[in-house]
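What follows is one structure encoded as structure tokens, with my remarks underneath.
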Amino acid sequence: MKDLDSNNSDSNKPDSNKQSSDSAMGISDEQLMLNYQQGDTAAFEQLYSKHKGPLYRYFVRQLSQKSLAEDLYQDTWGKVINAAGNYQVTAKFTTWLYRIAHNLLIDHVRAVKPLDEAADMGDETMDNFDASINNEHAHGRPDEQLEDEQKAKLLKSCVASLPAVQKEAFLLNIELGLTAAAISDIADVTLEATKSRIRYAYQSIKQCVAAKWQGVTHD
Amino acid sequence: MTDRHKTDKDAMSDEEFIALQQEISALYKQQALERPSAAIDAAILLQAKATQASSLKNNVNTAEKSNLVQLSFWKKHRLPISSAASVMLIASVMLLNPEFKQHAVSELDDSVPVMSDVATPVQMAAPVQIAPVQTAEPATVKAPVMDATGVTSSVAAYMSESKNTPMPQARVQGFDAQIPQTNKAGVRGQMKMESAEGVSVGEALTSSSSTEPRLERTDIERNRTELDRTAPRMHVDSAEKAVMQLSELVESEDYVQAERYMITIEQRFPNIVNPQHPQYDAFKKLKQQLTSQ
């Protein structure tokens, strides 16, 4: 587990890329937020362009309804904008941003419909994905690139089939490269539980992808 | 399946987990990454700009309000209000307090330069020795009212009353003796009339001359002049002496003065026309003598 944190930070390419870009520009996310607080809208645009993709996928891949995901995505940025006047650097901006997103997700979705039920919908998408894979395989394109693309689609369906808590931990880790400690702050769970969720998520995805790929090749 | 995961997890080392992460991460990045639409991006950025503009405006307004010091009406117009209040206070005191007004007028008179009265010290230095005032007579001073003949009506009234109570001769003579010789002839008639009225001239002067002695004295001199012009001065205070004076004027053939003196006697001693008056016959004889002339 000790290695998990260090490995996560070391092996996470998006996070390293982000840090390199920050250092290259010389402006951290917190400083961009402070600049926006002083009226620099360009700083907010820069901040938005940096975080819009991962945050959007954070919602889209946890929710079956895309419209609901987009609504929550806009609500998250709306809260960031409204809270900019009173923003103080007490934590990393990423942690603060995804804590807002996590709370919105809890309030609007989990309170009404547990996300575990979404796993069933993931199965449905899995069925559709399997059908598409079978169709493509039937058309006969057996190169490696096609195999990777097919595995990527299998991975997407496998991620969708994860339990909600594991899915959230997996997305935060693989999208943003957040450590188990940061994820535990966002999800408001213990560090050990977060580490376990991450490990289980990766292993489950591997097994899922392998199983689905084996089934595809058999067909 | 959970139990199987647990066994897999326990069996997986850190190196194997790192390899698993890299493998899954590579597959994850090969898939198409969803991104928000341009409409959502534009909406969020527009909201950010609008909110920032409104917050900046609010901050400016707040700063302006915090910099402004609200002055109350009284502080804003403190100078005109205090001046008006002072003027009102002084005006009220002067209008409601008559003593303050008198003092103000007297002080104002003192401050105005006037011509000195030192050049006419005689006016105040008229040495009129006053006999003791009769206690039975009223102390009030009545200004003598002059009629057409120059004799006061009060004198005539007194004369009508004094036929039964004649004026003591000694008092009149003593009064005359106290008047200086220079003014004796001119003042005597008036002094006698004043004494007949019951109030001496000196008392009248002293009672009213505290503030305007010059004016009072001027009035007396003017009245005396008028008496001189209209009728001969009455030097006697009895009908007998008056008739003797009239007879002397007739004998001296000064008929004009005698006629005037006769009229004066008639006005001063109206009972002399009464046949029962002791001087009636003598006065009638002189009157006929004068009218025949």
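Counting only other chains, and only Cβ atoms inside 10 Å, what mean value do you get across the residues of B:38-48?
On the way: counts 0, 1, 7, 6, 0, 3, 11, 7, 0, 5, 13.
Mean partner shielding for this stretch: 5.
With the cut-off at 29 Å, tell me which of the pairs A:52/A:212; A:66/A:153; A:153/B:49; A:66/A:212; A:66/B:57 have Cα atoms farther apart than that. Could you put the intermediate results ahead of the total?
Numbers: A:52/A:212 31 Å; A:66/A:153 18 Å; A:153/B:49 38 Å; A:66/A:212 25 Å; A:66/B:57 36 Å.
From the list (A:52/A:212; A:66/A:153; A:153/B:49; A:66/A:212; A:66/B:57), the Cα-Cα distance tops 29 Å for A:52/A:212; A:153/B:49; A:66/B:57.
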So between residue B:271 and residue B:75, what do we pick up on full extension, going 0.36 nm a residue minus the alpha carbon distance? 61.9 nm
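Can you tell me how much longer the chain between residue A:147 and residue A:88 gets when fully stretched, taken as 0.36 nm per residue apart minus their C-alpha distance, in nm with one decimal?
Numbers: separation 59, 0.36 × 59 = 21.24 nm, distance 4.76 nm.
Contour length minus Cα-Cα distance gives 16.5 nm.
What area, in nm² and to one decimal, does the C-alpha convex hull of region B:239-292 cast on average over all directions?
On the way: hull surface 12.2 nm².
That works out to 3.1 nm², a quarter of the Cα hull's surface.
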Rounded to the nearest 0.05, FRET efficiency between residue A:27 and residue B:16 (Cβ-Cβ, R0 41 Å) equals 0.60
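Bear in mind that the values in this text are calculations on the coordinates, not laboratory data. Just so you know, these numbers come straight off a predicted model, no measurement behind them. With ideal geometry, Cβ positions are generated from the backbone for all residues, glycine too; neighbour counts draw on all protein chains shown.
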